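Trainee: Pasting a structure here, questions to come.
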Amino acid sequence: MMRSRKFQATAVIALTFIFGCERHGNTTSGDATGENNAAVDAVFAIWDMPGSPGCALAVAQDGALVYSRGYGYANLDYDIPVTPQTVFDVASVTKQFNAASIMMLVQEEKLSLDDDVRKWLPELPEYEWPITLRHMLSHSSGLRDYLSLFPLAGRNDHFPISHPQILQMMSRQRALVSPPGERRSYSNTAYMLLSQILERAGGQSLGEFTAERIFEPLAMDSSFMYENLEKIVPRRATGYDRDDDGHVRIVHNYNFDVAGDGQLYSTMENLLRWDNYLHGAEKPEFYSLLMTKARLNNGEPIEDANGIRRRDFRGLHTVGHSGSSWGFRTELVRFVKHGLSIAISCNSDSANPQYLARQVADHYLAEQLDSRIDDTASSSDDHVAEPASAPPVLTPDQLAEFAGEFFSPELDATYRFAVVDGGLDLRIEQELPLDVVPIATDRFEASFHPQGWGGPSTINLEFDRNQAGAVTGFGLSLGSEQGIVFERR
């Protein structure tokens, strides 16, 4: 496949990225510009302990590797330490690779950012307003999030999910979270669908496309899209979390091999190769497309670009993105003016690589960062909520009006309500029952603990009645996913 000379030249530059560095143990040292790396190591002290998951760090200055180090353990079954060559699931850092791939096809006139998504995915519903690729790339599509919809359908994190299943789920959704372009709402669904558009327009999966057009030219030899759960991955880290008693447990989801919103596996040194190619002196031809801000319907610019986060930290402008997956946390950030890039990935849900990256930046940019600015401070909210009214107390006979089976065409799932021990229980498909608590007339809520999909959430249920007063169905809301329709069977 033809590539521009600029891409080839930049790729050649990238090949020299870590050549000439001295490797020893789990450390790679380049020109550290006289800095004391022990101070950087101290930032990761809590992760550099026996029996602990760990982190990998890579730092580059204008594309030249400054420091690379592993801390803690990549695999606790076999006491395998984290090294600069450890491969991590970098989660949503994937989105910029997906967006860049789309922009390449736009430049080749195989796609347009103003294309209606239904031009490429006619299976999706025809809503009142068209959704464009620009909406999807800028998180303003209004699409519901599949990461909420699948657990609501009774499918835990180990249930195999494919691109066709995601498309089928979205084809059943009767409503959007909001009209396209009305507001920014982070959307994993949009990027999963974009990867399917990429395949239909370009004839290659996201994994095939990025391997040929990005990873191979940039010699990112430890990077790939995880599209095959049976693939052997040398030097792969395992993802961990802690249980309620503080014991480390595995939470890595090996079954999740659907690339689009995440599932890029990479090393930190590889990520910095990409960062230097993308934001360095020789920028790729699609760079301006990738970094152009979209606008909401009211004309307000969306601060983040396409898969790229734009932020200021203590007076310095940064570009990059974070990632969060089962047992993995990642941060890729570049301080634009000073050309300092930092990549950190940790194989623990409790890690905060964004905070770690800022501490590393404090070390290398101590004289440039404005100590008077605290970007992490949250604004106070002086609003005092009005006291909630007392919830209604319903008798078993009153609760019995809500008992029975209800089906959602949107989720393709059945919810079963039953009166048990004077209360109302809800079973989602074959899952264990949830306690449903009345909060107002015909309104209930339940605490939802989807296995592996995140922490507890609250399901809100608002029941409907016919003219005779009989319960006919309800609307379900979970966070931003509003009004999912259920009908009594």
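The values are calculated or read from the model by the stated rules, or taken from the named source; none is laboratory data. Just so it is clear, the model here is predicted, and its values are computed rather than measured. Here the Cβ positions follow ideal geometry from the backbone for every residue, glycine too, while neighbour counts run over all protein chains shown.
Trainee: Quick one: in the stretch 216-253, of everything that is free of Cβ contacts under 8 Å to residues at least 12 places away in the same chain and not basic (K, R), which residue is surrounded by the most Cβ atoms within 10 Å (Cβ to Cβ)?
Mentor: E216
Trainee: Among the residues of the stretch 328-353, count how many are assigned to a loop (DSSP other than H, G, I, E, B) and surrounded by fewer than 24 Cβ atoms within 10 Å (Cβ to Cβ).
Mentor: 7
Trainee: Something else about it: Give the residue that is surrounded by the fewest Cβ atoms within 10 Å (Cβ to Cβ), with candidates limited to residues of the stretch 66-104 that are charged (D, E, K, R) and over 28 Å from A361 (Cα atoms). I'd like the intermediate steps shown before the answer.
Mentor: As a first pass, look at the stretch 66-104 and keep what is charged (D, E, K, R): 69, 77, 79, 89, 95.
From what's left, over 28 Å from A361 (Cα atoms): 77, 79.
Values: D77: 8, D79: 10.
Step by step, filter the stretch 66-104, then rank; the result is D77.
Trainee: OK, next. Please identify the pairs in which a residue from the stretch 83-101 that is closer than 16 Å to Y287 by Cβ has its Cβ atom under 7 Å from the Cβ atom of a residue that is part of a strand (DSSP E or B) and of a type in the set (A, V, I, L, M, F, W, C), counting only partners at least 6 apart or on another chain.
Mentor: Qualifying pairs under 7 Å: F97/L264.
Trainee: Determine which member of the set S195, S222 is within 29 Å of E123 (Cα to Cα), among the hydroxyl-bearing types (S, T, Y) and under 21 Å from the mean Cα position of the chain (by Cα). Don't jump to the end; show me each part of the working.
Mentor: Working: S222 fails: within 29 Å of E123 (Cα to Cα).
Result of the check over S195, S222: S195.
Trainee: While we're on this one: How do the helices (runs of 4 or more DSSP H) wholly within the stretch 127-199 filter down when requiring 1 or more residues that are out of contact with any strand residue (DSSP E or B) (no Cβ under 9 Å at 6 or more places or on another chain), within 20 Å of A305 (Cα to Cα) and touching a residue at least 40 places away in the same chain (Cβ under 8 Å): which remain?
Mentor: Values: elements: 133-137, 146-152, 163-171.
In the stretch 127-199, 133-137 are the helices (runs of 4 or more DSSP H) which contain 1 or more residues that are out of contact with any strand residue (DSSP E or B) (no Cβ under 9 Å at 6 or more places or on another chain), within 20 Å of A305 (Cα to Cα) and touching a residue at least 40 places away in the same chain (Cβ under 8 Å).
Trainee: Right, next: Would the stretch 122-131 turn up any residue that is modelled with pLDDT of 95 or more and crowded, with 19+ Cβ neighbours inside 10 Å?
Mentor: So far as the stretch 122-131 goes, yes, one or more of its residues are modelled with pLDDT of 95 or more and crowded, with 19+ Cβ neighbours inside 10 Å.
Trainee: Another question about this same structure. Test S266 against the stated conditions and say whether it is surrounded by fewer than 20 Cβ atoms within 10 Å (Cβ to Cβ), at pLDDT 95 or above and within 21 Å of R236 (Cβ to Cβ). Let's see the steps before the verdict.
Mentor: Working: surrounded by fewer than 20 Cβ atoms within 10 Å (Cβ to Cβ): no; at pLDDT 95 or above: yes; within 21 Å of R236 (Cβ to Cβ): yes.
It is false that S266 is surrounded by fewer than 20 Cβ atoms within 10 Å (Cβ to Cβ), at pLDDT 95 or above and within 21 Å of R236 (Cβ to Cβ).
Trainee: Here's a follow-up. Determine, yes or no, whether Y186 is over 19 Å from D257 (Cβ atoms) and aromatic (F, W, Y).
Mentor: Yes, satisfied.
Trainee: Considering G320, G246, which residue is at positive phi and in a strand (DSSP E or B)?
Mentor: Step by step, each of G320, G246 is checked, and only G320 is at positive phi and in a strand (DSSP E or B).
Trainee: Out of the stretch 213-227, which residues are out of contact with any helix residue (DSSP H, G or I) (no Cβ under 7 Å at 6 or more places or on another chain), assigned to a loop (DSSP other than H, G, I, E, B) and closer than 16 Å to V90 by Cα? First the steps, then the outcome.
Mentor: Step one: filter the stretch 213-227 for residues out of contact with any helix residue (DSSP H, G or I) (no Cβ under 7 Å at 6 or more places or on another chain), giving 215-216, 221, 226.
Still in the list and also assigned to a loop (DSSP other than H, G, I, E, B): 216, 221, 226.
Correct list: D221, Y226.
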